[in-house]
1. Report, by chain and number, residues whose modeled amide H sits under 5 Å from the one on Leu75, excluding near sequence neighbours (fewer than 5 apart, same chain).
2. Taking θ = phi - 60°, what integer Hz values does the Karplus form 6.51 cos²θ - 1.76 cosθ + 1.60 yield along region 368-385, in sequence order, with x for Gly and Pro?
3. Starting from the 7 Å offset along Cα-to-Cβ, what nm value, one decimal, do you get for the label separation of Arg373 and Thr86?
4. Please compute the length gained on full extension between Ala77 and Ala133, using 0.36 nm multiplied by the number of residues separating them and subtracting their Cα-Cα distance.
5. Tell me, in nm to one decimal, what length is gained between Trp309 and Asn93 on full extension, where the rule is 0.36 nm per residue of separation less the Cα-Cα distance?
6. Might you report the magnitude of the Cβ-based charge dipole of region 113-212 about its Cα centre, with Lys and Arg at +1 and Asp and Glu at -1, to the nearest 20 debye?
7. Under a 5 Å amide H to amide H cut-off, with H placed in plane at 1.01 Å, what residues pair with Thr135 once short-range neighbours are removed?
8. Using the Karplus equation 6.51 cos²θ - 1.76 cosθ + 1.60 (θ = phi - 60°), what ³J(HN,Hα) coupling, rounded to whole Hz, does each residue of region 239-252 give in order, writing x for Gly and Pro?
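Every number here is computed from the coordinates shown, using simple stated rules; none is lab data. These numbers were taken from a predicted model, which means no experiment stands behind them. Cβ: placed from backbone, ideal geometry, glycine included. Neighbour counts: every protein chain shown.
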Amino acid sequence: MVGLGSALANLRGVLRQPEAHVETVDGESVPVGMLLGTLGALLLDAGSSVTDVRSALEKAREAAGIGPGLAVGVLPALVIVSETATGSATIVNAEGIELSFRQAARANRLVLGLESGSIALAEIPARVRAIRANTRPPAPLPWIAGNALTAAGLAVVFRCPWWAVLVVLGVGAVVGVIGLLLRRFREAVAVVPFLAAFVSTAVVGLVAASTGFDHVPLFAVCAPVAVFVPGALITNALLELTAADIVTGSARLMQGLIMLGFMAAGIAAGSAVTGLRVDPRSAALVGEVAGVGTDRAGWESVPAYWLSWVAVAVLAVGIGLVFGAGWKLTAASIVVMIGAYALVSGLAPLVGSVVATGTAAAVLFVATRGLERLVPVIPATVSFLPAFLLLVPGTVGLVAVATADPQSLATPLATFVSLCVGTKIGGLLPGLFARTAPTH
């Protein structure tokens, strides 16, 4: 009985222990759970997956010497930091405001600093406020120009005829205006993908009907709406599912499929209005575009293959403008995307486009991690994302859904799986090398 009484007394003492506090640089005493939650909310708004956010917070916790006394849980819109001894939890909600690439880069540098110990937990509130203070609505001209360049770059990369490239350039700008006007209304989030797909399909259909161009490739319709295609969202959902984040992965996967459904409905509506027929056989992946061509002349001829390499750089510039990357991150994106294009193009004839995509994802993941160590101002998550958008077959999946073509649908599904496996292997390799490295 004495032993039981002593144990109960010790338990009551544990339960009465207050959560550890840290005095911030502003002189405030803030619970450690709130500090970690604030950082996690920033990373969620920066576009990181819940798996990556949880890993980053756990590494920051360990670097600060806190240990497993604080458990971290992450959902798509909030972070939960709980004390394992008492069960008390601190919940921090993400603000739901999308951050630019430059802000995401600063957030990742903050994480790297916490992991290395060069930044203390006490600095988190001030640094997070400084990062969020730069949040601005997208500037109209860069946003519209970025959409137009992204659309035209994709059209050239995937070998659309010249008439389609010019139409896509203009439609991309129009779609950019639509997104810019409607994104300020929260209720319009679900409508923008439908309207963008409808306008893109209708304009391309009207041009094709009025000019007599009867061959309309996939990317003539999908390139202008590529920014809205949830290819990266669906791939991140699959990555979260493979990391046992079932709730979050399922929610994101459902969100991505719903967005694809809205866009497919927009394509169907635009096709019905204009009588447009999109060829599902033109749904080529990056590794297959070298063989795309046509025997037609004039405006129906396709750009020379060497222009695809230039278009990759144009695509990187467009993505940089849309997501506010700045010139340093845009330059890094150009290098990474050209590397991704070269890798997939070189491997596809040997192992097939699907396997080549996964292999490229693994190699690029490791390469961007190495670049991050050499140049901390270029975090891996930011430099990898543009190349990831090039590899993800989101637009191919969109037309597969829109046309209900089983063969076309199998290709993006296989490529999604290949991307997930490649990214997982790429994330595992640095850890394996670190473990096998000599310690003397």
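1. Ile80
2. Using θ = phi - 60°, the values come out as 5, 5, x, 4, 4, 5, 6, 10, x, 6, 10, x, 5, 5, 7, 6, 7, 4 Hz.
3. 4.0
4. On the way: separation 56, 0.36 × 56 = 20.16 nm, distance 1.99 nm.
Length gained, Ala77 through Ala133: 18.2 nm.
5. The Trp309-Asn93 span can extend by a further 73.5 nm.
6. Computed about the Cα centre, the dipole is about 220 debye.
7. Amide H neighbours of Thr135, under 5 Å, 5+ apart: none.
8. 5, 5, 5, 6, 8, 6, 8, 5, 4, 5, x, 5, 5, 5
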